[in-house]
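Student: Take a look at this one; I'll ask things after.
The values are calculated or read from the model by the stated rules, or taken from the named source; none is laboratory data. Quick caveat, the model's predicted, so the values are computed rather than measured. For neighbour counting, all protein chains shown are included, and Cβ atoms are generated from backbone atoms with ideal geometry for every residue, glycine included.
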């Protein structure tokens, strides 16, 4: 099993909790992206990043001093966001870290594909950014089939817990023989439609990663047992490739 999740925009440095175990697998590609970003003016970077003046200034300075091989933080501990806060990886035990190192992969516009303990440095580059590199019009074209090939070579099936922006960089390129299971975390509307809400969905993805690590679940047949944050598996709305988890009426009212 390989679980794919999205990164977070906000990042931190943490050189004390746990050390990195290695460098990202696509570091040469990351180096080319770094060169392309450094060739842009601050105004062009802010337009690419679609951010405030303060965030742009912070990340321009990060680009200026960035070192891809020194002073790094394990990827799992570097990202700050709702999904990662809910996952609460800093309080995992050794067995849970080992499970995630084996099974979890973080998709990244800058690094491509990360294992949890690959060393990273704070950056800002979303997968959907329109950055032209090496004759490619954007990052989807730049990464092409590389990330999918890496995933397909590692596992017999993929659990997609990533946002569409990031899963789009992988899923279209996977071989048809590789099973992919996606999860929907939603609420049932009166008209019978299932609606996903952004914040709750991110929380549920983080909670499922935590649950997988705690239970050691690594087969699709085990996924329906997930009941985190008041979600329950709905067999009537699920298929083998799309598992639907609905918030119960009691948990939705809280």
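Student: How many residues does segment 196-210 hold that are in a helix (DSSP H, G or I), free of Cβ contacts under 8 Å to residues at least 60 places away in the same chain and more than 12 Å from residue 245 (Cβ to Cβ)?
Tutor: Qualifying residue count, segment 196-210: 1.
Student: Go through segment 172-196 and give me each residue that's under 18 Å from the mean Cα position of the chain (by Cα) and closer than 14 Å to residue 238 by Cα.
Tutor: Answer for segment 172-196, where residues must be under 18 Å from the mean Cα position of the chain (by Cα) and closer than 14 Å to residue 238 by Cα: 180, 181, 182, 183, 184, 185.
Student: Would you be able to tell me the number of residues in segment 34-70 that are more than 20 Å from residue 119 (Cα to Cα), free of Cβ contacts under 8 Å to residues at least 40 places away in the same chain, within 25 Å of the chain's Cα centre (by Cα) and in a loop (DSSP other than H, G, I, E, B)?
Tutor: Looking only at that region, the number is 2.
Student: Could you list, in sequence order, all residues of segment 9-23 that are part of a loop (DSSP other than H, G, I, E, B) and closer than 13 Å to residue 73 by Cβ?
Tutor: Residues satisfying the conditions are 12, 13, 14, 15, 16, 17, 18, 19, 20, 21, 23.
Student: Can you tell which of 175, 190, 224, 220 is exposed (fewer than 14 other Cβ atoms within 10 Å of the Cβ) and either within 21 Å of residue 114 (Cα to Cα) or modelled with pLDDT of 95 or more (or both)?
Tutor: Only one candidate passes the filter, namely 175.
Student: Please go through segment 239-252 and give me each residue that is in a loop (DSSP other than H, G, I, E, B), in contact with a helix residue (DSSP H, G or I) (Cβ under 8 Å, 6 or more places away or on another chain) and either at pLDDT 95 or above or farther than 18 Å from residue 201 by Cβ (or both), ordered by number.
Tutor: Of everything in segment 239-252, just one residue is in a loop (DSSP other than H, G, I, E, B), in contact with a helix residue (DSSP H, G or I) (Cβ under 8 Å, 6 or more places away or on another chain) and either at pLDDT 95 or above or farther than 18 Å from residue 201 by Cβ (or both), namely 240.
Student: Go over the candidates 193, 146 one by one and state the one that is over 25 Å from residue 85 (Cβ atoms), out of contact with any strand residue (DSSP E or B) (no Cβ under 6 Å at 6 or more places or on another chain) and without any contact (Cβ under 8 Å) to a residue 12 or more places away in the chain.
Tutor: Result: 193 is the single residue among 193, 146 that is over 25 Å from residue 85 (Cβ atoms), out of contact with any strand residue (DSSP E or B) (no Cβ under 6 Å at 6 or more places or on another chain) and without any contact (Cβ under 8 Å) to a residue 12 or more places away in the chain.
Student: Only one of these conditions is not met by residue 31: (1) loosely packed, with under 13 Cβ neighbours inside 10 Å; (2) part of a loop (DSSP other than H, G, I, E, B). Which number is it?
Tutor: (2)
Student: Moving on. What are the residues in segment 149-170 that are in contact (Cβ under 8 Å) with a residue 24 or more places away in the chain, in a loop (DSSP other than H, G, I, E, B) and over 15 Å from the mean Cα position of the chain (by Cα), if any?
Tutor: 154, 155, 156
Student: Across segment 98-110, which residue is surrounded by the fewest Cβ atoms within 10 Å (Cβ to Cβ) among those that are assigned to a helix (DSSP H, G or I) and touching a helix residue (DSSP H, G or I) at 6+ places or on another chain (Cβ under 8 Å)?
Tutor: 103
Student: Spot the failing condition for residue 131; the list is (1) in contact with a strand residue (DSSP E or B) (Cβ under 7 Å, 6 or more places away or on another chain); (2) more than 17 Å from residue 162 (Cβ to Cβ); (3) in a loop (DSSP other than H, G, I, E, B), and only one is missed.
Tutor: The one condition residue 131 does not meet is (1).
Student: What's the total number of residues in segment 173-190 that are free of Cβ contacts under 8 Å to residues at least 12 places away in the same chain and over 22 Å from residue 153 (Cα atoms)?
Tutor: Residues that pass the stated criteria total 2.
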